[in-house]
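The block underneath contains the structure these notes are about, expressed in structure tokens.
The values are calculated or read from the model by the stated rules, or taken from the named source; none is laboratory data. Here the structure is a predicted model, which means the values were calculated and not measured. Counting neighbours? That spans all protein chains shown, and the Cβs are built from the backbone with ideal geometry, glycine included. Keep in mind that these areas ignore ligands, DNA and RNA; they rest on the heavy atoms of the full protein, side chains included. Shrake-Rupley method; radii C 1.70, N 1.55, O 1.52, S 1.80 Å.
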Amino acid sequence: MTNLPIWRRLAWRLGASFLLLTAIAVLLSGFLQYRAQEQWLRQSLGSLLLNIGRTGALLVDGDLHQAVVAAARSDTPDYARLRRELVRIQETNRLGDAVYTLTDVQGATARFAVISNGLAPVGLEYRLAPEIQPILRRVLTEGVPAYTGIYVSSSGTWITAFAPVKNSAGQTVAALDVDFRVDVYLGELAAVRRRFYLHSLAGAVLALIAGVLLARQITRPVVQLSGLARSIVEGHFSTRVRIAARDEIGMLGNVLHLMAERLNVSHRSMTEVLVRALEARGEATGSLRRLADASAIVSEHLELSPAQREALELGALLHDIGEIRVPEAVLQKPELLAPDERKIVQRHPEWGVELLETVPLLTPALDVVGGHHERYDGSGYPHGLTGEAIPLTARIFAVVDALNAMTHDRPYRRARPLAEALGVLRDNAGKQFDPRVVDAALKILPARWAEVLACQV
């Protein structure tokens, strides 16, 4: 599980999903809020200006306005009268910009008629912003009031309402223009936008934290079960994990534990059958179990993982399983072996590996089975491995196996005293045996060795 790239780990994928979904939700919500705020501002200002324009247009005499436009002069009493009405409209509604009327719309231009500040003469050409051209033409042709959206011109950012000025015959003779600068309101919208970005960022950070915590909470038992399943596949059936969840994951954990228990029973039964078969070929009953127990005692003085300890035990029990392919006459020969017979015997580690590597439940034993006759100085067999290249479990068992062999009778020699055998271990540290393993073996009291190996002190 730890070897998976980070983007393939379930916890990170869940966390990223929470982050992405929350970020999308916050962004969408903020965007909709911003658009709603913008639309509300435009509609509110547009409606307000439209009401001002409608009311103001009623105060403008359309017939008088036609006469002023026809005279094309700004110094007449009629012009002054109309201007006073526009000033009243501006002051009553507290408008900061002039109110004016427009006529004679031609493409992108129109002409001023009457303006409340009196700064534009009658007939002065007025260039229209592209956004207001269709609105103004519709007001003049259809005679209905309307307002623009927010637009930018050379003099600022605006929203404008137009109301038709009609004569006594009901004809639209001009459009009353009511402008409003929206820079302040756009500043408020910008503040809304900044708050939106800030809230989005805060939401994303909170989503990331919550997503990672929640994802870890969800995936922790999954990771534990993954490790348990890996241990079972590798043959380590004693591994246990505690799944606190009371959901489907908890049920899966219980099922895996039950499966591990049953596999462990089957595994031990199979191992016991193999051990009995090996002991039937000349080993004393219980001798293989003594080797496994002795190896476990040595391993207590070394740093081994639980998986290595299980592999050491299984390897000790099955270390000579390759000898089933060695003729009985060679195994039980009371005198020293001939060179060709020795070559046959020395092949038993390889034969043992060939037998066990086809059985997944027994593969943890391969290191001991294939390496227990390797020597620390490289003079062993079958591969002549040296030092740390020899698996640690094989180095441990090599010491225990040698001590057991020296302290028990063999067809071709008598047993050595335990003290002498321990001295042989000491003398061969760094040669045949790993010095660290020898040191660990020498820390065990002779009485304990005698007990576990069933030999004489």
Subject >> For a label point 7 Å along the Cα-to-beta-carbon line of ASP293, residues of region 312-342 with backbone N under 16 Å >> reply: 313-314, 316-317
Original post:
Taking 0.36 nm per residue of separation and subtracting the Cα-Cα distance, what length does fully extending VAL144 through ASN51 add?
Top reply: 32.2 nm
Subject >> Under the Karplus curve 6.51 cos²θ - 1.76 cosθ + 1.60, θ = phi - 60°, whole-Hz ³J(HN,Hα) for region 358-364, x wherever Gly or Pro sits >> reply: 8, 10, x, 5, 9, 5, x
Original post:
Averaged per residue, what accessible surface does the chain expose to a 1.4 Å probe, in Å²?
Top reply: 54
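What's the longest bit of the chain with no exposed trypsin sites (Lys or Arg not before Pro), using DSSP loop states and at most 14 other Cβ atoms within 10 Å as the test? Kindly include the intermediate steps, with their values, before the conclusion.
Values: sites that count: ARG73, ARG94, ARG240, ARG242, ARG246, ARG281, ARG414, LYS431, LYS443.
Between the exposed loop sites, the longest stretch runs 95-239.
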Original post:
Cα gyration tensor of region 417-457, axes a ≥ b ≥ c as square roots of the eigenvalues: rounded (a/c below 1.5), prolate (a/b > b/c) or oblate?
Top reply: prolate
**OP:** Pull out a ≥ b ≥ c, the square roots of the eigenvalues of the alpha-carbon gyration tensor of region 286-433, then state rounded if a/c is under 1.5, prolate if not and a/b is larger than b/c, and oblate in the remaining case.
**Re:** rounded
Original post:
Which distance in nm do the two modelled labels at LEU64 and THR109 give, with both placed 7 Å along the Cα-to-Cβ direction?
Top reply: 3.0
Original post:
Among residues other than ASP63 whose Cβ falls under 13 Å from its Cβ, what is the net charge (Lys/Arg +1, Asp/Glu -1)?
Top reply: 0
**OP:** Working from Cα positions, state the angle (0 to 90°, nearest 10) between the long axis of helix 418-427 and the longest principal axis of the chain.
**Re:** 50
Subject >> Positive-end residue of LEU124, HIS372, PRO360, charge dipole of the chain with Cβ unit charges >> reply: LEU124
**OP:** Provide the per-residue ³J(HN,Hα) series for region 290-301, in order, calculated from phi with Karplus coefficients 6.51, -1.76, 1.60 and θ = phi - 60°, each as a whole number of Hz, with x at glycine and proline positions.
**Re:** 4, 4, 5, 5, 5, 4, 5, 5, 5, 5, 5, 9
Original post:
Near the amide H of VAL359, under 5 Å away, which other amide H atoms are found, from residues 5 or more places off or on another chain, if H is placed in the peptide plane?
Top reply: none
Original post:
Assuming R0 = 35 Å, what is the FRET efficiency of ALA229 and LEU336, from their Cβ-Cβ distance, to the nearest 0.05?
Top reply: 0.10
Original post:
Of all the accessible heavy-atom surface of the chain, with the other protein chains kept in place and a 1.4 Å probe, what percent is carbon and sulfur?
Top reply: 56
Original post:
Between PHE433 and residues 5 or more places away or on another chain, which pairs have amide H atoms under 5 Å apart, with H built 1.01 Å from N, and which residues are they?
Top reply: TYR376
**OP:** Read through the labelled values [x] 1.05; [y] 1.12; [z] 2.17 and report the label of the one computed as Cα Rg over 2.2 N^0.38 Å from the structure.
**Re:** [z]
Original post:
Once amide H atoms are built 1.01 Å from N in the peptide plane, which residues 5 or more positions from PHE180, or in another chain, come under 5 Å H to H?
Top reply: ILE159
Original post:
Is the shape of region 47-173 rounded, prolate or oblate, going by the alpha carbon gyration tensor and its root eigenvalues a ≥ b ≥ c, with a/c under 1.5 for rounded and a/b larger than b/c for prolate?
Top reply: rounded
Original post:
For VAL87 and SER154 in the same chain, what is the full-extension length gain: residue separation times 0.36 nm, less their Cα-Cα distance, in nm?
Top reply: 21.7 nm
Original post:
What list of ³J(HN,Hα) values in whole Hz, one per residue of region 108-113 in order, does the Karplus curve 6.51 cos²θ - 1.76 cosθ + 1.60 (θ = phi - 60°) give from phi, with Gly and Pro shown as x?
Top reply: 9, 10, 9, 10, 5, 10
